[in-house]
1. Out of the residues in segment 172-197 that are within 16 Å of the ligand (Cβ to nearest atom) and out of contact with any helix residue (DSSP H, G or I) (no Cβ under 6 Å at 6 or more places or on another chain), which is nearest to G227 (Cα to Cα)?
2. Which condition from (1) under 22 Å from E70 (Cα atoms); (2) touching a helix residue (DSSP H, G or I) at 6+ places or on another chain (Cβ under 6 Å) is the one that N295 breaks?
3. Scan segment 267-292 for residues that are within 11 Å of the ligand (Cβ to nearest atom) and surrounded by fewer than 23 Cβ atoms within 10 Å (Cβ to Cβ) and jot them down.
4. For E169, all conditions in the list (1) within 16 Å of the ligand (Cβ to nearest atom); (2) free of Cβ contacts under 8 Å to residues at least 24 places away in the same chain; (3) out of contact with any His (no Cβ under 9 Å at 6 or more places or on another chain) hold save one; what is the number of the exception?
5. Take the conditions within 12 Å of the ligand (Cβ to nearest atom) and closer than 21 Å to E118 by Cβ and apply them to L230. Does it pass?
6. G129 fails exactly one of the following numbered conditions: (1) in contact with a helix residue (DSSP H, G or I) (Cβ under 6 Å, 6 or more places away or on another chain); (2) within 16 Å of the ligand (Cβ to nearest atom); (3) not in a loop (DSSP other than H, G, I, E, B). What is the number of that condition?
7. Does A211 count as touching a helix residue (DSSP H, G or I) at 6+ places or on another chain (Cβ under 6 Å) and at pLDDT 95 or above?
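The values are calculated or read from the model by the stated rules, or taken from the named source; none is laboratory data. From a predicted model like this one, the values you see are computed outputs, not experimental measurements. Note that we place each Cβ from the backbone using ideal geometry, even for glycine, and neighbour counts take in every protein chain shown. Each accessible area value is taken on the protein alone, full model and side chains, heavy atoms only, with ligands, DNA and RNA left out. Shrake-Rupley method; radii C 1.70, N 1.55, O 1.52, S 1.80 Å.
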Amino acid sequence: MSIENDFYLVKSFDQKYCLQVFAPADVCFTEGKGSYLYSMEDKEHGIKKRKYLDMIGGIAVNSLGHGNKELTGAIAKQAGKLIHCCNYYYIAERSELAFKLCKNSFADKVFFSNSGAEANEAAIKLARGYFYYKQQEKYEIITANMSFHGRTMATISATGQEKFRKPFEPVVPGFKYVDYNDYEQLEGAITDKTAAVMLELIQGESGVHPADRDYIKKVAALCKAKGILLIIDEVQTGVGRTGTLFCYEQYGIKPDIMTLAKGLGGGVPIGATLCTNEVATGFQVGDHGSTFGGNPLACTAGNVVMDQIIEAGLLTNVNKSANYLMDELTKLRKKYDMLKSVRGMGLLIALEFDNELISASGMKERLFSMGILVSAIGKSTIRIAPPLTISVAECSEFVKAIETILKSEVETKKPLSGLIDGIKSLTGGKKEN
Ligand SMILES: Cc1ncc(COP(=O)(O)O)c(C=O)c1O
């Protein structure tokens with residue numbers, strides 16, 4: 001049985017047989033090419049195939065775009081040779097990817113897993129194991145309010161947002177939350193039990209909020225001075241997303257542990273926990289593992305992505321398109337009061353709107369109807385994280401769509417604001433009771 005060409009069956013099977021933890025838009029994509037996705041054609045129900053500009057890139061995952069020949073070719077070739085081989089044996093592709101990651105970062109060692117949450121889970125265990133083997137009773141981990149580190153029990157415990165933890169309490173003990181970018185608060189939260197500070201350099205899931213440069217530098221210096229490990233979660237910001245291979249490079253610091261996932265496999269699930277030789281003592285043989293982690297297929301994908309970034313000059317494109325987007329979106333912010341903020345780094349950008357005038361979900365739906373995909377965060381923010389291969393022309397398509405919507409919103413709100421101004425002038429500008 002195949003339900004490939006029956007959108008209604010796809011939808012009803014999902015609703016009937018899949019746990020309903022997502023709220024998908026009314027579309028199913030079956031193909032992708034470059035920065036575009038194509039929706040399912042369902043002739044029986046008169047649904048035509050439609051083209052969408054993918055400005056969310058599978059939430060910062062499809063780093064090489066869709067249908068990238070180098071990536072799909074290498075995956076197909078590897079699938080024909082060996083998909084999986086367990087960690088009882090050496091894996092050539094894993095050794096190669098570990099080498100590339102270490103050679104191009106602060107790290108000496110890597111552990112591979114399958115997702116961002118798993119990469120963070122390993123980082124948390126590694127930090128605790130490090131002090132355990134040093135025979136020091138240090139286990140507390142300080143994280144930031146509004147952070148996001150994943151959906152497993154330890155990573156929701158690390159996540160500084162109560163909504164992710166509440167239904168699943170009691171969570172893993174030993175986590176403390178402090179306000180992001182508040183150095184004094186973080187310093188005040190340190191005790192003799194503190195093992196690590198765990199931070200994102202840009203809080204992606206809560207609205208693309210970059211950390212202050214000074215704050216991160218001071219936190220890194222504090223950690224070093226006090227022998228506390230600095231864990232940087234680059235699951236969303238890593239692997240070229242912000243215009244450098246890793247975002248920490250732009251902050252002039254070196255973490256002790258860094259986590260990666262999302263873009264590293266270009267769409268093939270992979271997670272990675274990187275650390276120094278010193279911190280690597282936190283895991284002894286048998287302390288951690290993963291059946292699938294570091295398998296030949298996922299590592300082949302990781303190797304292609306790393307080659308594209310390091311050898312094929314993909315970062316030049318990231319910076320070109322990112323600069324264009326920032327410049328043009330900033331122009332729109334200056335022109336339209338409704339667009340309150342444009343922030344981010346590289347190709348991870350948020351647009352915040354005045355939600356009294358236009359909501360994030362409204363904006364997302366309007367863009368969707370125009371064939372453009374973004375994600376909405378909260379009431380007022382949309383986030384974009386397109387493929388790193390996106391061209392300036394494609395970015396311009398997005399900017400034009402935003403301007404079209406803003407222009408039409410201004411037009412439709414005009415009579416209303418004219419009326420409000422009229423009432424204000426009649427009442428001498430006093431507030432009506
Ligand atoms: C910073 C950060 N850490 C961890 C995760 C969790 O990654 P995954 O969904 O692959 O488990 C995410 C996912 O959005 C993330 O943005």
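1. Y177
2. (2)
3. P269
4. Against the list (1) within 16 Å of the ligand (Cβ to nearest atom); (2) free of Cβ contacts under 8 Å to residues at least 24 places away in the same chain; (3) out of contact with any His (no Cβ under 9 Å at 6 or more places or on another chain), E169 comes up short only on (1).
5. Considered against the rule, which asks whether it is within 12 Å of the ligand (Cβ to nearest atom) and closer than 21 Å to E118 by Cβ, L230 comes out as no.
6. It fails just one condition, (2).
7. Criteria not met by A211.
Table: residues versus (1) under 19 Å from F29 (Cα atoms); (2) open to solvent by 10 Å² or more (accessible area, probe 1.4 Å); (3) at pLDDT below 95.
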residue: G371; (1), (2), (3): yes, no, no
residue: S380; (1), (2), (3): no, yes, no
residue: A393; (1), (2), (3): no, yes, no
residue: F398; (1), (2), (3): no, no, no
residue: T404; (1), (2), (3): no, yes, no
